[in-house]
Amino acid sequence: EVNVELDLNGELKTTYPRYENGWNVIATPEGTLTDVEGRSYDYLFWEADLDLDPDFSKGFCVAGDDTEEFLEYALAELGLNDSEANTFIMFWLPQMQGNTYNVISFQTEEYEKASVLNVYPIPDSEIRVFMTYYSLPYKISIEPQDFESLGNTQRTGFTLVEWGGTEVSSVNGEINRITK
């Protein structure tokens, strides 16, 4: 039995299944989550307007056509398994592949400050991946992020896995505001 509560620096917008003072589910070793009504889920979904100040001092500038290959590599390095990476890519790739370039930065530290997960029982390990990106019509130079410095990628025992992202608006390469 697992209880998950969100402590957000922002406003919760959408959840599925419905979030009512948290989620209470039964988690199987294979990752299936079952609610009190017997309905099964692959994951718990939430979307929020977070007060997040993304840091783009390090990241990657990736051609739109290369985004799929980059995400496959990056998500594996960040600890997502094939199924998790597949779901992530299916969500984000349609929004990114048509851009000339995407400036991508993973925001583990800022994200964990803006979205605290209170989980009971406490997981033995956590893998939390949060991508921010913005599109540009030209290539820029950016210091690459070191994937090893972005958090845990190892699964030990009861493991919580969370992934998400947001598109950031930019004007002439300057970050403006979060739009998603």
The one condition N102 fails out of (1) at pLDDT 95 or above; (2) closer than 22 Å to E126 by Cα; (3) touching a strand residue (DSSP E or B) at 6+ places or on another chain (Cβ under 6 Å) is (2)
Quick count over the stretch 25-40, residues being under 19 Å from V161 (Cα atoms), out of contact with any Ser or Thr (no Cβ under 7 Å at 6 or more places or on another chain) and either open to solvent by 90 Å² or more (accessible area, probe 1.4 Å) or hydroxyl-bearing (S, T, Y) (or both), is 3
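Please find, within the stretch 1-24, the residue that is most open to solvent (accessible area, probe 1.4 Å) out of those that are acidic (D, E) and not in a loop (DSSP other than H, G, I, E, B).
E11
Is it the case, given these coordinates, that Q107 is over 15 Å from the mean Cα position of the chain (by Cα) and touching a residue at least 24 places away in the same chain (Cβ under 8 Å)? Let's see the steps before the verdict.
Details: over 15 Å from the mean Cα position of the chain (by Cα): no; touching a residue at least 24 places away in the same chain (Cβ under 8 Å): yes.
For Q107, the condition - over 15 Å from the mean Cα position of the chain (by Cα) and touching a residue at least 24 places away in the same chain (Cβ under 8 Å) - is not met.
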How many residues of the stretch 50-61 are surrounded by 15 or more Cβ atoms within 10 Å (Cβ to Cβ) and not in a loop (DSSP other than H, G, I, E, B)? The answer is 3
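With the condition being of a type in the set (F, W, Y) and surrounded by 12 or more Cβ atoms within 10 Å (Cβ to Cβ), I'd like the strands (runs of 3 or more DSSP E) fully within the stretch 62-180 carrying at least 1 qualifying residues. Full working, then the answer.
On the way: elements: 101-106, 115-120, 125-136, 159-171, 174-178.
Those strands (runs of 3 or more DSSP E) span 101-106, 115-120, 125-136, 159-171.
The values are calculated or read from the model by the stated rules, or taken from the named source; none is laboratory data. Note that the coordinates shown come from a computational prediction; the quantities given were computed from them, not determined experimentally. For neighbour counting, all protein chains shown are included, and Cβ atoms are generated from backbone atoms with ideal geometry for every residue, glycine included. These area figures cover heavy atoms from the full protein model, side chains too; ligands, DNA and RNA do not enter into them. Shrake-Rupley method; radii C 1.70, N 1.55, O 1.52, S 1.80 Å.
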